[in-house]
Amino acid sequence: MLSIIVCIKQVPDTNRASFDPRTGAINRASAENIANPDDLHAVELALKLRDACGGRVTAISMGPPRAADTLAEAYALGVDDCVLVSDPAFAGSDSLVTGKILARAIGKLGRFDVVVTGFEAIDGNTAHVSYQLSEFLGLPHITQIHDLMIEDGHAVIERLYGHEYQKIRVELPVLLAATRNTNRVRAPRLADLKSCTGKDFTVMTMADVGGSADEYGTAGSPTVVIGTEVFAHSRGREEIRGTTDEKVEGLMQRLKKHNILRY
Amino acid sequence: MATKFYSEKNLKFVLNEVHRIGELFKHERFAEYSAESTQLILDTAKGIANGMMFPVFAEMDKKPPEYTGTTIRVHPAVRPFVEKMADGGWINAVMPYDLGGQQMPLTLFNACMFIFAAANYSMSVYPGLTTGALSLIYLFATKELQDIYAPSMVAGKWQGTMALTEPEAGSSLSDVRTTAFPTDKGYYLIKGQKTFISAGEHDAAENIVHLMLARIKGAPAGVKGISLFIVPRHRPGADGKLEFNDVNCTGCYHKMGYRGSPITQLAMGESDDCRGFLLGEANRGLSYMFHMMNEARINVGLGAAAIASAAYYASLEYSRERLQGRIITEKDPAKPQIPIIEHADVRRMLLKQRAIVEGSLSLVVYAGKLVDLISVAEGEEKTRLEMVLEILTPIVKTYPSEMGIVSTSQAIQCLGGYGYSDEFPVEQYMRDARIHPIHEGTTGIQGMDLLGRKVTMKNGAAVKALLGEMNATIAAAKTREGLAPYADELEKSLALWQAVMGAAVQYALKGQIDKFLADASIFLELTGILVIAWQWLLQGIAAQDAAKESSAYGADFLQGKLLTMEYFFKYELPAVYGLEKILGASGAMTVAVKPVHFED
């Protein structure tokens, strides 16, 4: 029976959000809040693991009270328990402090075998938190997961990256980071969608997590954002002339130049 | 390339502000639903539509079903989609809890079906057909038959169909010839042919379960001799294994649109071994079939509105990006060209589409809410709601279907030559839309249903019930600044409608039924425009109310709503005066025209 923790974050849907052209900041009112896409793949990984090996999946989210909507979505997908880590003192925490808070909260939940996170969030795209969380928890951190099995207290993981394939065996507990390439997220069942919004979840505040206000939020965060810029991407048109062979060669050169073809 | 096929914001507006779906959740039947779960369900439908349906929308058209001689090979994306729908509980979502369903309000279910149909209409029909067949099985089949067929249909393994039409019996179902020969073994032997059967055979399902109309040998002629049977392609044998039931697929039509779903020809009993299992009582098949016909016809209107929605957003996206010409007062050719949406005539075409799409959607959602309210109402209120639904059903089916063709044509017009090519999706939308005035009862049949049955039903009770609803909206709008002129205009048009109806009924009173029904389709067209004007007035009221609060919809959206309402009243509603004139002047002259007059 595995105890599996999955981290899930509520983010503004940046694909639909508008940005302040002066500051480059997201206009949060312009976008709906959604579950971070990579985190849904993390939930799927956790649920598959539970379904294969037995156990319980606990979803944990750090954020303001409205992040409970994302936990309801996790319930609809099939997790067993949900925890909201929320305190005004946590507001403005950078990725390092977020990792610290999540590690302390997970530490209070008791024994666990596997922690699963999304690889990165679409609001900041730092991809820091899973690495920092693994450091705080002292766990091996595995990415690029293609397949996974649990055998004798170990995770046997197939990894695929670029043109390479790797099969590794890691002692539990372990931290796994999922991306959209890891799996295909299930659609929740209507029965679960109907009932998920009324389910209870645990709330952990700073008093439960431990520590003091000066460790958290803006005060405790070493990261300083100096500036933000919005990049405008424009498309160009280019014609390759010559014989068919020359055109193919020209195309290959350009693809290599832009690192689209590497070999 | 087009990426948007419906507006989430508009769908929420219609559900929450115009038709107030939340009122349904106060009833015990729907108490397990909430605003939050509604949102999650809509989001889930969006995810399925974006992930599994829209990406293969064009491909399913370019690689249509292929008849192999025994079965029909459909696009490989169909099977995983149906499995996903089954796994999620969508196939029996609206059925009661005690039958294993989710008792979902049809209002919400139809909103989700709108999303699916806008993403990929052909794909959306596979589970929808099973749902329709399943509802008849639950209503009329014995417990034994339910236990045999329902579980595999709910699981998406077996496809359900409606097998009504025959080569010589389409609109005229009283001429059904497929025959059921009684046996003493608990089943009938079926012999005959069916045609135009949607998903009547395909390789994405393990079995096909036809809900088939047939005439028991010796039954009375006409509609009173038609019975309803379960006729599976494969029947469960004594050992539980499936054995062939002598239902042969003899062909698959090549259609102009809606090409991702196979429309089949079937031959039953070529080896005298096709078994059919009677549902309910003998000779009551057509009345059983009509239990689900209202909802089937609402579905057709829904599908047409959804396709028109997708075409509208494709043309809107193009109109915002395509640079062509300059504003009419700009004479300097050195000035840069402007997006075509800056041209008034293009905006008119976009407004026309929006008026049709959002007016139709509002009507479809309202029809779903009527079904839900009927399921929880009692006594006189239930009867009143049933009357409103009865008279609206031919309009819900026809207005979106007929105007969906006009709307998708306008989408093509916005794209000009590109719209006429298959480089852009709008030509496919127009082809996909064309089936809707035909299937589930043609426009001609709907016109006769409206004027011949619904108008005269229970001494005009349905007309009175509808007028009651429309007049309540008019009264509410008259007290509002900015809406009163539209309320007056609708009131005036309603008086005209009643006069037209009165004149038509005079033919009926004189026993001239042929003249009474000769122009029924035109009467239906006129009624449809009035009903959509009413839906726009409802949306205008809702937009004004939403604008008073700090609304998540945004000022531009709400102002756009009011402007589209204004467009409808100024550009579309006046057509009723022309139609009234036609109906008054025609004297049903088509009755006197003989086939010989079409000589050369």
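Data table
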| quantity | calculated |
| --- | --- |
| Flag if residue B:49 is under 24 Å from the mean Cα position of the chain (by Cα) and either away from chain A (no Cβ under 11 Å) or among the aliphatic types (A, V, I, L, M) (or both) | yes |
| Wholly within region B:471-587, helices (runs of 4 or more DSSP H) carrying at least 1 residues that are within 27 Å of residue B:13 (Cα to Cα) | B:484-509, B:520-548, B:555-567 |
| Complete set of residues in region B:205-228 that are of a type in the set (A, V, I, L, M) and closer than 14 Å to residue B:189 by Cβ | B:212, B:214, B:216 |
| The listed residue being assigned by TED's automatic domain parsing to the domain that holds residue B:583, in contact (Cβ under 8 Å) with a residue 24 or more places away in the chain, farther than 30 Å from residue B:592 by Cβ and small (Gly, Ala, Ser), out of B:533, B:555 | B:533 |
| Exclusive hit being closer than 28 Å to residue B:406 by Cα and surrounded by 21 or more Cβ atoms within 10 Å (Cβ to Cβ), set B:303, B:269 | B:303 |
| Check on residue B:549, among the acidic types (Asp, Glu), without any contact (Cβ under 8 Å) to a residue 12 or more places away in the chain, on the phi < 0 side of the Ramachandran plot and not assigned by TED's automatic domain parsing to the domain that holds residue B:486 | no |
| Residue, surrounded by the fewest Cβ atoms within 10 Å (Cβ to Cβ), within region B:5-58, restricted to residues that are in a loop (DSSP other than H, G, I, E, B) and hydrophobic (A, V, I, L, M, F, W, C) | B:31 |
| Flag for residue B:2 being at pLDDT below 95, more than 14 Å from chain A (Cβ to nearest Cβ), out of contact with any strand residue (DSSP E or B) (no Cβ under 9 Å at 6 or more places or on another chain) and not in a strand (DSSP E or B) | yes |
| Matching entry among B:124, B:135 (being over 25 Å from residue B:217 (Cβ atoms) and in contact with a helix residue (DSSP H, G or I) (Cβ under 7 Å, 6 or more places away or on another chain)) | B:124 |
| Search result, residues across region B:127-155 that are under 20 Å from residue B:302 (Cα atoms) and out of contact with any strand residue (DSSP E or B) (no Cβ under 7 Å at 6 or more places or on another chain) | B:127, B:128, B:131, B:135 |
| Entirely in region B:373-465, the helices (runs of 4 or more DSSP H) that have 2 or more residues that are more than 17 Å from residue B:2 (Cβ to Cβ) | B:379-415, B:443-448 |
| Region B:59-78 - residue that is in a helix (DSSP H, G or I) and loosely packed, with under 15 Cβ neighbours inside 10 Å and, of those, farthest from the other protein chains (Cβ to nearest Cβ) | B:62 |
| Verdict on residue B:178 being surrounded by 17 or more Cβ atoms within 10 Å (Cβ to Cβ) and β-branched (Val, Ile, Thr) | yes |
| Only one of A:68, A:91, A:72 that is within 14 Å of another protein chain (Cβ to nearest Cβ), touching a helix residue (DSSP H, G or I) at 6+ places or on another chain (Cβ under 8 Å) and not basic (Lys, Arg) | A:72 |
| Some residue of region B:310-319 being touching a strand residue (DSSP E or B) at 6+ places or on another chain (Cβ under 9 Å), surrounded by fewer than 20 Cβ atoms within 10 Å (Cβ to Cβ) and not acidic (Asp, Glu) | no |
| Out of A:236, A:227, A:211, sole residue that is assigned to a loop (DSSP other than H, G, I, E, B) and surrounded by 10 or more Cβ atoms within 10 Å (Cβ to Cβ) | A:211 |
| Within region A:244-263, considering residues that are polar (S, T, N, Q) and loosely packed, with under 11 Cβ neighbours inside 10 Å, the one nearest to residue A:162 (Cα to Cα) | A:259 |
| Where residue A:105 falls short, out of the listed (1) of a type in the set (Gly, Ala, Ser); (2) more than 21 Å from residue A:179 (Cα to Cα); (3) modelled with pLDDT under 95 | (3) |
| Pairs where the first residue, in region A:170-199, is within 14 Å of chain B (Cβ to nearest Cβ) and the second is crowded, with 17+ Cβ neighbours inside 10 Å and in a strand (DSSP E or B), C-beta under 8 Å, 6+ apart | A:199/A:82 |
| Scan of region A:50-59 for residues that are farther than 19 Å from residue A:106 by Cα and part of a helix (DSSP H, G or I), ordered by number | A:51, A:52, A:53 |
| Qualifying position, being within 14 Å of chain A (Cβ to nearest Cβ), β-branched (Val, Ile, Thr) and under 28 Å from residue B:279 (Cα atoms), among B:131, B:165, B:142 | B:131 |
| Subset tally (residues that are without any contact (Cβ under 8 Å) to a residue 24 or more places away in the chain and either farther than 15 Å from residue B:355 by Cβ or touching a His at 6+ places or on another chain (Cβ under 7 Å) (or both)) for region B:560-585 | 3 |
| Residues satisfying the stated conditions in region B:83-110, i.e. more than 13 Å from chain A (Cβ to nearest Cβ) and closer than 30 Å to residue B:311 by Cβ | B:106, B:107, B:110 |
| Matching residues, region A:33-64, being in contact (Cβ under 8 Å) with a residue 12 or more places away in the chain and within 14 Å of chain B (Cβ to nearest Cβ) | A:33, A:34, A:35, A:37, A:40, A:41, A:43, A:44, A:47 |
| Selection status of residue B:44, in contact (Cβ under 8 Å) with a residue 24 or more places away in the chain and within 14 Å of chain A (Cβ to nearest Cβ) | yes |
| Selected residue [facing chain A (nearest Cβ under 9 Å) and among the polar types (S, T, N, Q)] from B:7, B:34 | B:34 |
| Neighbours by Cβ (under 7 Å, 6+ apart or cross-chain): first from region B:325-341, on the phi > 0 side of the Ramachandran plot and assigned to a loop (DSSP other than H, G, I, E, B); second surrounded by 12 or more Cβ atoms within 10 Å (Cβ to Cβ) and not β-branched (Val, Ile, Thr) | B:325/B:337; B:325/B:343 |
| Condition met for residue B:567 (in contact with a helix residue (DSSP H, G or I) (Cβ under 9 Å, 6 or more places away or on another chain), over 24 Å from residue B:396 (Cα atoms) and surrounded by 17 or more Cβ atoms within 10 Å (Cβ to Cβ)) | no |
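Condition check ((1) closer than 25 Å to residue B:84 by Cα; (2) surrounded by fewer than 17 Cβ atoms within 10 Å (Cβ to Cβ); (3) hydroxyl-bearing (Ser, Thr, Tyr)) across all residues:
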{"residue": "B:201", "(1), (2), (3)": "yes, no, no"}
{"residue": "B:210", "(1), (2), (3)": "yes, no, no"}
{"residue": "B:242", "(1), (2), (3)": "yes, yes, no"}
{"residue": "B:283", "(1), (2), (3)": "no, no, no"}
{"residue": "B:295", "(1), (2), (3)": "yes, no, no"}
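The values are calculated or read from the model by the stated rules, or taken from the named source; none is laboratory data. Please read all numbers here as calculations on a predicted model, not as lab measurements. Heads up, the Cβs are rebuilt from the backbone with ideal geometry, glycines too, and the neighbour counts pull from every protein chain shown.
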